[in-house]
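Worksheet: the structure to be examined is printed underneath.
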Amino acid sequence: EDQVTQSPEALRLQEGESSSLNCSYTVSGLRGLFWYRQDPGKGPEFLFTLYSAGEEKEKERLKATLTKKESFLHITAPKPEDSATYLCAVRAFMEYGNKLVFGAGTILRVKS
Amino acid sequence: EPEVTQTPSHQVTQMGQEVILRCVPISNHLYFYWYRQILGQKVEFLVSFYNNEISEKSEIFDDQFSVERPDGSNFTLKIRSTKLEDSAMYFCASSTGAVYSYEQYFGPGTRLTVT
């Protein structure tokens, strides 16, 4: 069974204090790892897709990396507006359908 | 920027009643999905839909659930006889279907409360 585990469950940072979120996965034939941001009461907002080990993607203060067993979301010099829940999801190989399996998320709070 | 829209934003219904949740996916997308998120829990896959038929469904998606694309723009989820445990946020998503473009774009969700 495909599984996604995110750590830590919650993270409190001071503004400007860089850190990393972890997503470890067990999947039969990874066909994409996705990072989303979710604000309270809202739908997940797409951030990045990673397809192969060694791949990196960047957007503003966020950088996502991928290895064969885990992904990291690095946050550099975060601001209060980066506060949200960050979700990791994987897409496994399948002939039909594109089901995403989500982790439980990391709740990030950035204080000014 | 194109986005997925959902209506209503909040639906309150009594146990045993039928509800229909509506979604308008991004216009050039070919794959459509429903997910749900019970308060404080993970986002869970319900069903994927392509070429006017279900391509995959989860164990949650039993005979009480159905999906339909009644016209060229809407995508609906029907729950025939709601139960208390159906209370959740329901998210519609869509994707292009292009190779190596598998990211799914989510709508804002419908909060379903079953009393």
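Can you report the principal axis dimensions of the protein assembly as shown using only the alpha carbons, biggest first, rounded to whole angstrom?
50, 38, 35
Of all GluC sites (Glu not before Pro) in the stretch A:21-98, which ones are in loop regions per DSSP and have a Cβ with at most 15 other Cβ atoms within 10 Å?
Values: sites: A:Glu45, A:Glu55, A:Glu56, A:Glu58, A:Glu60, A:Glu70, A:Glu81, A:Glu95; in loops: A:Glu55, A:Glu60, A:Glu95.
Passing both the DSSP loop test and the Cβ count: A:Glu55, A:Glu60, A:Glu95.
Per residue, how large is the accessible surface of chain A? Use a 1.4 angstrom probe and give square angstrom.
Working: 5580 Å² over 112 residues.
That works out to 50 Å² per residue.
Taking the Cα centre of the stretch A:11-52 as the origin, how large is its charge dipole in debye, to the nearest 20, when only Lys and Arg (+1) and Asp and Glu (-1) carry charge on their Cβ atoms?
Working: 4 positive and 4 negative charges, 41 e Å.
Using Cβ point charges on Lys, Arg, Asp and Glu, the stretch A:11-52 gives about 200 debye.
Just to confirm my numbers, what's the Cα centroid distance between the stretch A:45-112 and the stretch A:5-39 in Å?
Value for the Cα centre distance between the two parts: 5 Å.
Would you work out which of B:Leu77, B:Ser66, B:Thr7 lies farthest towards the positive end of the dipole of chain B? Charges go on Cβ: Lys and Arg +1, Asp and Glu -1.
It is B:Thr7.
Could you work out what % of the accessible surface of chain B is carbon and sulfur, using a 1.4 angstrom probe and leaving DNA, RNA and ligands out of the count? Working shown, then result.
Numbers: 2740 of 5950 Å².
Looking at chain B in its full context, I get 46 percent from C and S.
What total accessible area, in Å², is buried where chains A and B meet, using a 1.4 Å probe and rounding to the nearest 100? Don't jump to the answer; show the numbers that get you there.
Working: alone 6480 and 6840 Å², together 11530 Å².
The buried area between A and B, both sides summed, comes to about 1800 Å².
Where the only charges are on Cβ atoms (+1 Lys, Arg; -1 Asp, Glu), what is the dipole of chain A about its Cα centre, to the nearest 20 debye? All intermediate terms of the calculation are to be shown ahead of the outcome.
Details: 15 positive and 15 negative charges, 7 e Å.
With Lys and Arg at +1 and Asp and Glu at -1, about 40 debye.
Place a label point 7 angstrom from the Cα of A:Glu55 along the Cα-to-Cβ direction, then list the residues of the stretch B:8-41 whose backbone nitrogen is under 11 Å away.
none
Return one whole number: the accessible area per residue of chain B in Å², for a 1.4 Å probe. Mind dumping the intermediate values first?
Details: 5950 Å² over 115 residues.
Ligands and nucleic acids excluded, the figure is 52 Å² per residue.
Using the Cβ atoms and a cut-off under 13 Å, what net charge is assigned to the surroundings of A:Val27, where Lys and Arg are +1 and Asp and Glu are -1?
+2
A drop of at least 30 square angstrom in accessible area, chain alone versus all protein chains together, probe 1.4 Å. Which residues of the stretch B:42-59 meet that?
B:Lys42, B:Val43, B:Phe45, B:Ser55, B:Glu56
For the protein assembly as shown, what is the charge dipole size about the Cα centre, in debye to the nearest 20, if Lys and Arg each add +1 at the Cβ and Asp and Glu each add -1 at the Cβ? Kindly include the intermediate steps, with their values, before the conclusion.
Details: 24 positive and 29 negative charges, 70 e Å.
Roughly 340 debye, rounded to the nearest 20.
What percent does the relative contact order of the stretch B:37-115 come to when contacts are Cα pairs within less than 8 Å and at least six residues apart?
Values: 98 pairs, mean separation 18.3, N = 79.
Relative contact order comes out at 23 percent.
Do any GluC sites (Glu not before Pro) in the stretch B:53-108 lie in a DSSP loop with no more than 15 other beta carbon atoms within 10 Å, and if so, which?
Loop-located and lightly packed - B:Glu59.
Residues with beta-carbon under 12 Å from that of A:Thr67, excluding A:Thr67: net charge, scoring Lys, Arg +1 and Asp, Glu -1?
Values: positive: A:Lys68, A:Lys69; negative: A:Glu55, A:Glu56, A:Glu70.
Value of the local net charge: -1.
Accessible surface of B:Leu39 in the full protein assembly, 1.4 angstrom probe, to the nearest 10 Å²?
Number for this one is 150 Å².
Remind me, relative contact order of the stretch A:1-54 in percent, using alpha carbon pairs under 8 angstrom and six or more residues apart? Show your work: numbers first, answer last.
On the way: 54 pairs, mean separation 16.3, N = 54.
Contact order relative to length: 30 percent.
Roll a 1.4 angstrom probe over the protein heavy atoms and tell me the percent of accessible area of the stretch A:3-111 that is carbon or sulfur.
On the way: 2500 of 5230 Å².
Of the solvent-accessible surface of the stretch A:3-111, carbon and sulfur hold 48 percent.
Quick one: divide the alpha-carbon radius of gyration of chain A by 2.2 N^0.38 Å and tell me what you get. Kindly include the intermediate steps, with their values, before the conclusion.
On the way: Rg = 13.7 Å, N = 112, 2.2 N^0.38 = 13.2 Å.
Expressed relative to 2.2 N^0.38 Å, the Cα Rg reads 1.04.
The values are calculated or read from the model by the stated rules, or taken from the named source; none is laboratory data. All figures in this text were calculated on a predicted structure; none of them were measured in a lab. All Cβ positions, even for glycine, are placed from backbone atoms using ideal geometry, and neighbour counts span all protein chains on display. These accessible areas exclude ligands, DNA and RNA; they are computed on the full protein's heavy atoms, side chains included. Shrake-Rupley method; radii C 1.70, N 1.55, O 1.52, S 1.80 Å.
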